[in-house]
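This report refers to the structure that appears directly beneath it.
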Amino acid sequence: MTLPTDQPIHRVAMLSVHGCPLMMPGVRSAGGMNVYLRKISQLLAERGVCVDVFTRNHHAGGPELLELGPNARVVHLSAGEPELSKEEVVPYLADYTDHLRRFVAEEGTAYDLVHSHYWLSGDVGAGIAKEWGVPHLVSYHTIAAQKQRAGGEPESPVRLEAEARMAAAADRVFASTVGEAEDIGALFGLPPERLHVVHGGVDTELFRPRDRAEARRATGIAEHERVVLFVGRLEPFKGPDILVRALAEMRDASDVRLVLVGGSEEERSAGWLEDIAADLGVGSRVRWQPAIPQADLPDFYASADVCAVPSFHESFGLAALEAMACGTPVVAADVGALPSLVRDGETGRLVPSHDPRAFAAALEELLDDPEHASRMGAAARAWASGFTWDRSVDETLDGYRSVLSAGSERPLVAPCV
Ligand code: UDP
């Protein structure tokens, strides 16, 4: 048995080849992972741990070094053309690694550990941690095998193999729920002691209940409408089309409006959904709001009677938590982490299938009984308040300490100033 370290942790290198914490979530592939990286890095820095997040440069000519806050930086490393999709990045991982090595050597910085995010960073992180003689921890955020099992598109063998190597080589694998840890253990043959749970969180100051009438004035939603809200990337795996179909299944629903928030105007992300809505004759009751900054989301959550999360899998599900923190009940698919976030019958409803009729029924239960919905909303706020980002940072630090054993040789890492 190794004893956890009693030495302070001074400096952490976060490797996130794809997924810059400064990207706007809800557009293209940016989402929960970007939010998580930004929040965890800022809060670690507040606790005296310097953080550098190394990510691929996604802006032509953009600056290389950016501040996330005091003692937390983002380092943009060039690796392929900025506009490449994540699938096209693989051939440039060697460039990313070279630039990372050069940047760190020029600064003369040493790190206590390497924490890699998403499969694209797994091999790079394992190699760099070995070179530096420090522990390597990984967070998958999403796992191809899980996505495939949930009915997602077939994933490339390159990714599937990289995800298996990632588990085998890491000193610790972070999962976002106990259930996900068990799943990762079973998928990759890892014993429980190599796994560690770090939950996602919600900023309960930003995401808090507010006056519905005022929120509706801000979002331009009419007072008489009954509103179902979807927040997130508008991709089929998130299931927004299930909600469009559910709208068409509802009885007496002429005053029910589906508001979709996410995707980009530039990519016309909602085009496919608008086609489905038009075919089903519900086009006039579907409103699309292209992605907005997180600071503007609480008005949307607070405007809604119910927030729906019909995903085929969620390794966490920040949008569900944010809605609940705003006092809005959630109707979610009973998959992945969602049953650990939504308490069925208490803070919302869990739907056992992706059948639009089943979603319509669960949504109608809340839309048709505002008092019931409002009781659930109050319970949702109370429940979500337990998911603080501070708790996530405590769990992150526990995970870091667990791999830095007392008495083992460690590089001399300069403290944060
Ligand atoms: N989000 C946002 N603006 C938008 C849509 C989404 O800031 O227009 C954020 C949202 O607040 C949430 C994240 O994107 O924190 C999505 O995370 P979630 O875990 O729900 O889904 P993921 O993207 O990880 O699949």
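The values are calculated or read from the model by the stated rules, or taken from the named source; none is laboratory data. A quick note: this is a predicted structure, and the numbers were derived from the prediction, not measured. No Cβ is skipped: glycine too gets one built from the backbone with ideal geometry, and neighbour counts run over all protein chains shown. For the accessible areas, the whole protein counts, side chains as well, though only heavy atoms, and no ligand, DNA or RNA atoms are used. Shrake-Rupley method; radii C 1.70, N 1.55, O 1.52, S 1.80 Å.
Here the sum of -39500 (n - 2.57) over DSSP H runs of 4 or more residues, divided by the residues of the chain, equals -11500 deg cm²/dmol at 222 nm, to the nearest 500.
If you average 1/r across every pair of different Cα atoms in region 47-100 and take the reciprocal, what Kirkwood value do you get, in Å? It would help to have the intermediate numbers written out before the result.
Values: mean 1/r = 0.0843 Å⁻¹.
With all distinct Cα pairs of region 47-100 included, I get 11.9 Å.
With the simple model of a label 7 Å out from the Cα in the direction of the Cβ, VAL178 to LEU412 spans 4.5 nm.
Residues considered: HIS372, HIS115, HIS224. Largest GNM mean-square fluctuation over the chain, using C-alpha springs under 10 Å, is found at HIS224.
Provide the gained length on full extension for the span SER264 to ARG102, in nm with one decimal, where the gain is 0.36 nm per separating residue minus the Cα-Cα distance. Working shown, then result.
On the way: separation 162, 0.36 × 162 = 58.32 nm, distance 3.51 nm.
Length difference between fully extended and current span is 54.8 nm.
The local environment of ARG159, defined by Cβ-Cβ distances under 15 Å, has a net charge of -3 under the rule Lys, Arg +1 and Asp, Glu -1.
So, with a 1.4 angstrom probe, what is the percent of accessible area on the chain that is carbon and sulfur? Please report the intermediate quantities before stating the final value.
Values: 8810 of 17330 Å².
Reported share for carbon and sulfur atoms: 51 percent.
So what's the angle, to the nearest 10 degrees on a 0 to 90 scale, between helix 389-403 and the longest Cα principal axis of the chain? The answer is roughly 30 degrees.
Across region 230-236, in residue order, what do the Karplus-derived ³J(HN,Hα) couplings come to in whole Hz, using 6.51 cos²θ - 1.76 cosθ + 1.60 with θ = phi - 60° and x for Gly and Pro? For region 230-236, the Karplus curve yields 10, 10, x, 5, 8, 10, x Hz. Select from SER284, SER374, SER402 the residue whose mean-square fluctuation is largest in a Gaussian network model of the chain (Cα-Cα springs shorter than 10 Å). Comparing SER284, SER374, SER402 in a Gaussian network model of the chain, the most mobile one is SER284. The distance from the alpha carbon centre of region 11-81 to that of region 311-341 is 25 Å, rounded to a whole number.
Residue by residue, region 97-102 carries 3J(HN,Hα) couplings of 5, 4, 5, 5, 4, 5 Hz when phi is fed to the Karplus relation 6.51 cos²θ - 1.76 cosθ + 1.60 (θ = phi - 60°); x denotes Gly or Pro.
Short to long, the 5 Å bins of the Cα pair-distance histogram for region 296-359 hold 4, 22, 32, 24, 15, 4, 0 percent of all pairs. The trypsin sites (Lys or Arg not before Pro) of region 38-137 that meet both conditions, a loop assignment by DSSP and at most 16 other Cβ atoms within 10 Å of the site Cβ, are ARG47. Per-residue Karplus couplings for region 366-379, computed as 6.51 cos²θ - 1.76 cosθ + 1.60 with θ equal to phi - 60°, are listed in order as 7, 5, 7, 9, x, 5, 4, 5, 5, 4, 5, x, 5, 5 Hz, Gly and Pro entered as x.
Past the 17 angstrom mark, what percentage of all C-alpha to C-alpha distances in region 62-147 do you count?
Details: 2043 of 3655 pairs.
In whole percent, the long-distance tail amounts to 56.
Each residue, VAL197 and LEU84, gets one label point 7 Å from its Cα in the Cβ direction; the gap between the two is 3.7 nm. The listed peptides 292-301, 332-341, ordered by packing as a protection proxy, come out as 332-341, 292-301 (highest mean of other Cβ atoms within 10 Å first). Taking 20 °C and 1.002 mPa s as conditions, the chain diffuses translationally at an estimated 97 µm²/s according to Stokes-Einstein applied to its Kirkwood radius (Cα pairs).
Beyond 23 Å between alpha-carbons counts as too far, so tell me which of LYS39/LYS147; LYS86/LYS238; LYS86/LYS130 fall in that bin.
Values: LYS39/LYS147 25 Å; LYS86/LYS238 18 Å; LYS86/LYS130 25 Å.
Beyond 23 Å: LYS39/LYS147; LYS86/LYS130.
Extension gain, ARG251 to ALA361, is 38.6 nm, computed as 0.36 nm per intervening residue step minus the present C-alpha separation.
Taking the DSSP bridge list for the chain and keeping only pairs wholly inside it, about 10 percent are antiparallel. Shape annotation for region 188-313: C-alpha extents along the principal axes are 54, 34, 33 Å, from largest to smallest. Separation of region 126-159 and region 347-417, taken as the distance between their Cα centroids, equals 22 angstrom.
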